[in-house]
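The values are calculated or read from the model by the stated rules, or taken from the named source; none is laboratory data. Computed from a prediction, not measured in an experiment: that's the story for all the values here. Ideal geometry is used to build each Cβ from the backbone, glycine not excepted, and the neighbour counts take in all protein chains shown.
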Protein chains: 2
Amino acid sequence: MGYGDLDQLAINTIRTLAVDATFKANSGHPGAPMGMAPIAHVLFNKFMTFNPKNPNWVNRDRFVLSNGHGCMLQYAVLHLFGYRISMDDLKDFRHVDSITPGHPESHDTDGIEVTTGPLGQGFANAVGLAIAQAHTGAVFNKPGYDLINNYTYCFFGDGCAMEGIASEAASTAGHLQLGNLIMIYDDNHISIDGDTKCAFTEDVLKRFEAYGWHTQWVKEGDTDLEGMEAAIKKAQEVKDKPSVIKLTTTIGFGSKLQGTGGVHGNPLKEDDCKQVKKKFGFNPEESFVVPKEVYDAYHKHAAEGAAAEEEWNQLFSKYKEEHKDLGAELQRRLDGKLPEGWEKKLPVYKPTDGAQASRKLSEKVLEEIHEAVPELLSGSADLTGSNNTRWKNAIDFQPPSLGIGEWSGRYLRYGVREHGMAGIMNGISAYGTLIPAGGTFLNFVSYAAGSVRLSALSHARVIYIATHDSIGLGEDGPTHQPIETLAHFRALPNMMVWRPADGNETSAAYYMAITSKQTPSILALTRQNLPQLENSTIEKAIKGGYVAVEAEKANITLVSTGSEVSLCVEAAKYLKDKHDVTARVVSIPCFEVFDAQPKEYRLQCLPDGIPSMSVEVMSTLGWERYSHEQFGLNRFGASGAYKDVYKKFDFVPEGIARRAMATIDFYKDAK
Amino acid sequence: MGYGDLDQLAINTIRTLAVDATFKANSGHPGAPMGMAPIAHVLFNKFMTFNPKNPNWVNRDRFVLSNGHGCMLQYAVLHLFGYRISMDDLKDFRHVDSITPGHPESHDTDGIEVTTGPLGQGFANAVGLAIAQAHTGAVFNKPGYDLINNYTYCFFGDGCAMEGIASEAASTAGHLQLGNLIMIYDDNHISIDGDTKCAFTEDVLKRFEAYGWHTQWVKEGDTDLEGMEAAIKKAQEVKDKPSVIKLTTTIGFGSKLQGTGGVHGNPLKEDDCKQVKKKFGFNPEESFVVPKEVYDAYHKHAAEGAAAEEEWNQLFSKYKEEHKDLGAELQRRLDGKLPEGWEKKLPVYKPTDGAQASRKLSEKVLEEIHEAVPELLSGSADLTGSNNTRWKNAIDFQPPSLGIGEWSGRYLRYGVREHGMAGIMNGISAYGTLIPAGGTFLNFVSYAAGSVRLSALSHARVIYIATHDSIGLGEDGPTHQPIETLAHFRALPNMMVWRPADGNETSAAYYMAITSKQTPSILALTRQNLPQLENSTIEKAIKGGYVAVEAEKANITLVSTGSEVSLCVEAAKYLKDKHDVTARVVSIPCFEVFDAQPKEYRLQCLPDGIPSMSVEVMSTLGWERYSHEQFGLNRFGASGAYKDVYKKFDFVPEGIARRAMATIDFYKDAK
Ligand SMILES: [Ca+2]
Ligand SMILES: [Ca+2]
């Protein structure tokens, strides 16, 4: 302990950098950085171990700014420590193509662990990072080798505290007793609508207590550096609970508008900028100033971090000798490599193999590959038996004290918390040693849309196992039957939406989901049984689309996905038998991947010159890309046995055939 | 108080009906109805006032089954009281086209207030119903005329308690001190994954205390009818807090598998059905049996409800004499009519009027119409100043004790709780006297996707004011810039997605949003200024699409929405000036409405024979429907000043013109 002038100077340096950068950008949020500069100074310097020269060192302490709009705090701190963020980058804050965008993006900027800004997301990510640490430590740590023991720290504000995703993640973290997770709640009484009194009067700490967290309150968050240090120290000592420290701060500390909404989302006025600098002993006429002694102090801590990494590297070298297999395994994961030959475990099917629901086919994949791919961490949002996400001998990831699992367990019970699950999976993925997969009904992936979007934006290899993927789920009815969901996620950049039609397509979907290191996947899977197709292979399906039934001189191409592909195959037979009409059938399990194929290949699948009709039991939006006519469901579904529901909407071979004939006729006339 | 054999018989009748209906359907959830039959019996008979012959009586007590999978409880109870649900309807449970679908749907079935099943939604709806009651009562009640004083009751289970949306709504309800809201938490320790110990170990009552709720615990929820009654009575007496009663029950009470996950989501086996009936004194060989004395008792309570309504009607008649204006106003709302001539208040613009952001144009609409449409209740998820959702002299809806608003206030501060806001708005709409409108950024409407879907499914007139609708929001960057969002909601049935291009289109969007009583709307609005178009009128825009720039012998049609329409107009000028090429421009502010126009009209807008290109700064998915070529953004955006971002992605007149020329060339070759 013992804080002096240099500490205050450093804190005020961070504040003035935030003031200058938002002023120069004429946009941004100075308030949170000015209010949280003291805690950031204490946390990063007194507690966190990291090496700015190697931001990927696996055992670094993790920091998440869940109130991501305050990112000038993070950029300033990273700059001071010598991360690859230059003063010019700070001056480029919120400019096109800078590495200092308006909200922090992990794939753009060294030292940013996760992409935050959408409120509550970082909170859930932090829980995921802590889970990944606990699991990875349990798998790899050995006596004398405490290899993986980092903490995860997270700042969050009132906005995050109000978001449901943070509630879900907080309840999960409390249940899981994540002692390695320490959060700082920036209690500044201000949100965009002004005083939090207008909408947010709950007792936040009491709520966290109810979740099972250790709670503390530091009342003088602007000045009491010793109190902050003591609270974090105490939080570290609590090993069986996550910790939250409520820190009462003054938003925009130092500004003439401090403590008001005026400093939340707008730069300070010019005279206020000068006033702040003067107050803090800076030259009001200068901008973007870092006193040398501040750089020196921060660089010194950075050097300590580099030394810590070097020490760790030596420990890891010794470990690799003493624990050859585990050492090689950890090294492989750190190298970003998949286990050699894992893909040979993927199930392969013959047309004569029995019909199965694709959720069962997915279960089979997990059963077959889980030993070969030990970084796979499965789970479900309380639908384990329906999502079929758990291999038979799986052990739950649980605090051992509960007696129902282990830290090394690879199956996570997320509870009925889809959004929390997705945000947590983004955090698990960001840790770097695991591939998270989590299940819910496809319809309820929508509950998680905020996080799913960030999986895609932040290039997180997250696998959404989305069963009960259509009206085919039957009796549960329209509230549970997705109509718009595939269109939604097909429109999301960098997201693979897979809707496999049989066993080989399901294996292909997993192959692509696991090998695409920068892209998340949604696997849309059926509740009902599907026959194995004649011509499907993993090799064909990984192209995202292929010809499932070829025919010479065809009159029409039926193009489809998932459960409707085999219906189209039946419809093709029906057309031949009843109308002597020849239909080809094309399966497109993944638009994103199919669209990336060479044009010749795509034209081979969907040749010009013959009419085509899409068949999928949901919104037709987007199918115009591949077809002249669309047979879909632009209305909500119905509750009933799935065959009755399919029949109600005419998704039967005759119904498809009738529409195919009409399409052929129309196209004839149009020529 | 005083419960006897008849009460037990009624409770067991409900249980056996649930057993029989799920058995016959071979699907469904018997566990919750069997566990919650006692509380339902007590609540409906001892506390609730309603008239089954007029399920729309405005002052009825409201009941919401947030754990909607237990809907056989609700169907059975409604049947016993004589609602329009026959014994045959119960036998038709979960069959196609029945009025007893797998989850309760408000537009299908009398007595179902809101559509539930997706967990947590009903919880938020109940908060909305209670808000609507508090507001409506404050507006219309007068001394001697306590016209609107109903309670809202809600059952919810562990699943709802885990969902973030329920946390958001609970925090809101606590803040708002909704004394008219009484919730029963079915604490049965079971969710789909089994014992809640595996994922849900928080202290639920303590959490609700932290939110500001009054909490009670009835430990013998299977048997202690007196305890339940006393708890509800106590809850009614607490006027300044919402109440939650934790009721510890045995899921599937009576079954051989009671207290286990085995009775949650699967019908009882045949021998267990018989065993249950025998245990309860029913003939094990008979099904769907209601003892006459049970009907008699329930019908007696129903008759009391009918009498209560009759009394109320007389009171209301007197009220209409004494308070002529208010009486007529309430009558108008109950008749489902809009105020005469309100639409004349909608702003109309000339091309010479200044450029404005459509969020400002939206604000102007609210400013102009809020007096004429007093049932409009606006609000925002903590983005009031950004969404421009508050008219100048608005009063906040707040508990008066806070000193910052009134129950009669028409502006709701939802906090940073998008999903909660949407679920609450669905409940407000369901109450029947209000039209809720709520703001957030378009990108964060996705956080609310679960509830937005239910707005559409349950035909709720809810208005989503979704500002900052594209990369045009600028500096906040990709985390806040929607790409997939319009495709998502355009694919949702019964949802109007409006993206107005100027003032008249914004007025048209509001016109349609307010007059479409069965359809919700999302209004996608800009942060940046838009010029007023030459040819826009409200009359044209309410067709969902129209010709914004007509031209003889045009070489191409540019089809667009929102902020890109005026860019297309500029591009058309550029094409004429630089290339002597003639372009028409079509604006399609709403796909859903445009698609409903006669084919001739649509062809008039988008004639065959000339190439067309869509221009919209987001995912092109779905635009193939209206265009040969698509210019969009199938990637994430960028952080920077909005003009720089538009330029980066070539959304400038030259960029559009270049692609238009290429499209014209391609189409020439293709002919
Ligand atoms: Ca705050
Ligand atoms: Ca339960």
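Any chance segment A:398-421 includes a residue that's more than 8 Å from every other protein chain (Cβ to nearest Cβ) and under 10 Å from the mean Cα position of the chain (by Cα)?
Checked against the condition, which is being more than 8 Å from every other protein chain (Cβ to nearest Cβ) and under 10 Å from the mean Cα position of the chain (by Cα), segment A:398-421 yields at least one hit.
Return the pair list, or none, for Cβ contacts closer than 8 Å from residues in segment B:173-192 that are within 16 Å of ligand 2 (Cβ to nearest atom) to residues that are basic (Lys, Arg), at least 6 apart or on different chains.
Matching pairs, first to second residue: B:Tyr185/B:Lys246; B:Asp187/B:Lys246; B:His189/B:Lys197.
Look through A:Leu492, A:Leu473 and report the one residue that is in contact with a strand residue (DSSP E or B) (Cβ under 8 Å, 6 or more places away or on another chain) and either in a loop (DSSP other than H, G, I, E, B) or at pLDDT 95 or above (or both).
A:Leu473
Check whether at least one residue in segment A:51-58 is in contact with a Lys or Arg (Cβ under 9 Å, 6 or more places away or on another chain), of a type in the set (S, T, N, Q) and assigned to a loop (DSSP other than H, G, I, E, B), and report yes or no.
yes
If you check A:Thr22, A:Thr13, which single one turns out to be of a type in the set (Ser, Thr, Tyr) and within 14 Å of chain B (Cβ to nearest Cβ)?
One residue alone meets the criteria, A:Thr22.
So the check is Cβ under 6 Å with 6+ separation or different chains; which pairs have a first residue in segment B:507-528 that's assigned to a loop (DSSP other than H, G, I, E, B) and a second one that's β-branched (Val, Ile, Thr)?
Short answer, once both residue conditions are applied: B:Pro520/B:Val462; B:Leu525/B:Thr467.
Answer with yes or no whether B:Phe636 is under 26 Å from B:Ala491 (Cβ atoms) and aromatic (Phe, Trp, Tyr).
Against the criterion (under 26 Å from B:Ala491 (Cβ atoms) and aromatic (Phe, Trp, Tyr)), B:Phe636 qualifies.
Identify the residue in segment B:634-660 that is of a type in the set (D, E, K, R) and in a helix (DSSP H, G or I) and, among all such residues, is farthest from the other protein chains (Cβ to nearest Cβ).
B:Arg658
Taking the conditions exactly as written (modelled with pLDDT of 95 or more, outside any helix (DSSP H, G or I) and surrounded by 24 or more Cβ atoms within 10 Å (Cβ to Cβ)), does B:Val497 satisfy them or not?
Criteria met by B:Val497.
Take B:Ile11 and tell me if it is free of Cβ contacts under 8 Å to residues at least 40 places away in the same chain and not in a loop (DSSP other than H, G, I, E, B).
In short, yes.
Scan segment A:264-273 for residues that are surrounded by fewer than 16 Cβ atoms within 10 Å (Cβ to Cβ) and either within 16 Å of ligand 2 (Cβ to nearest atom) or not in a loop (DSSP other than H, G, I, E, B) (or both) and jot them down.
Matches in segment A:264-273: A:Glu270, A:Asp271.
Residue by residue through segment B:380-397, note down the ones that are facing chain A (nearest Cβ under 10 Å) and under 19 Å from B:Gln133 (Cα atoms).
Of everything in segment B:380-397, just one residue is facing chain A (nearest Cβ under 10 Å) and under 19 Å from B:Gln133 (Cα atoms), namely B:Asp396.
State all residues of segment A:122-161 that are within 16 Å of ligand 1 (Cβ to nearest atom) and of a type outside the set (D, E, K, R); if no residue qualifies, say none.
A:Gly122, A:Phe123, A:Cys154, A:Phe155, A:Phe156, A:Gly157, A:Gly159, A:Cys160, A:Ala161
Residues being in contact (Cβ under 8 Å) with a residue 24 or more places away in the chain and closer than 26 Å to A:Ala448 by Cα: count how many of those fall in segment A:391-407.
Of the residues in that region, 6 qualify.
I'd like the full set of residues that are more than 7 Å from chain B (Cβ to nearest Cβ) and among the aromatic types (Phe, Trp, Tyr), limited to segment A:196-212.
A:Phe208
Could you list, in sequence order, the residues of segment A:176-195 that are at pLDDT 95 or above, facing chain B (nearest Cβ under 10 Å) and crowded, with 24+ Cβ neighbours inside 10 Å?
Result: A:Leu176, single match.
Say whether the condition of being facing chain B (nearest Cβ under 10 Å) and crowded, with 18+ Cβ neighbours inside 10 Å is met by at least one residue in segment A:609-619.
Yes, the conditions are met somewhere in segment A:609-619.
Quick grid of which residues meet (1) at positive phi; (2) away from chain B (no Cβ under 14 Å); (3) of a type in the set (A, V, I, L, M):
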position: A:Asn26; (1), (2), (3): yes, no, no
position: A:Gly35; (1), (2), (3): no, yes, no
position: A:Lys53; (1), (2), (3): no, yes, no
position: A:His69; (1), (2), (3): no, no, no
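Is it the case, given these coordinates, that B:Gly82 is surrounded by 24 or more Cβ atoms within 10 Å (Cβ to Cβ) and among the small types (Gly, Ala, Ser)?
Here the answer is no, as B:Gly82 does not meet what is asked.
Inside segment B:85-106, can you point out the residues that are at the interface with another protein chain (Cβ under 10 Å from one of its Cβ atoms), surrounded by fewer than 23 Cβ atoms within 10 Å (Cβ to Cβ) and closer than 21 Å to B:Tyr153 by Cβ?
The answer is none; no residue qualifies.
Need the failing condition index for A:Ile182 against (1) in contact with a helix residue (DSSP H, G or I) (Cβ under 6 Å, 6 or more places away or on another chain); (2) hydrophobic (A, V, I, L, M, F, W, C); (3) within 16 Å of ligand 1 (Cβ to nearest atom), just the number.
Evaluating A:Ile182 over (1) in contact with a helix residue (DSSP H, G or I) (Cβ under 6 Å, 6 or more places away or on another chain); (2) hydrophobic (A, V, I, L, M, F, W, C); (3) within 16 Å of ligand 1 (Cβ to nearest atom) leaves (3) as the failure.
Looking only at segment A:213-227, decide whether some residue is within 16 Å of ligand 1 (Cβ to nearest atom), among the acidic types (Asp, Glu) and facing chain B (nearest Cβ under 7 Å).
no
A:Lys337: of a type in the set (Lys, Arg) and part of a helix (DSSP H, G or I), yes or no?
No.
For segment A:548-581, which residues satisfy the criterion of being free of Cβ contacts under 8 Å to residues at least 40 places away in the same chain and buried (at least 24 other Cβ atoms within 10 Å of the Cβ)?
Once the filter is applied, which keeps residues that are free of Cβ contacts under 8 Å to residues at least 40 places away in the same chain and buried (at least 24 other Cβ atoms within 10 Å of the Cβ), segment A:548-581 yields only A:Ala572.
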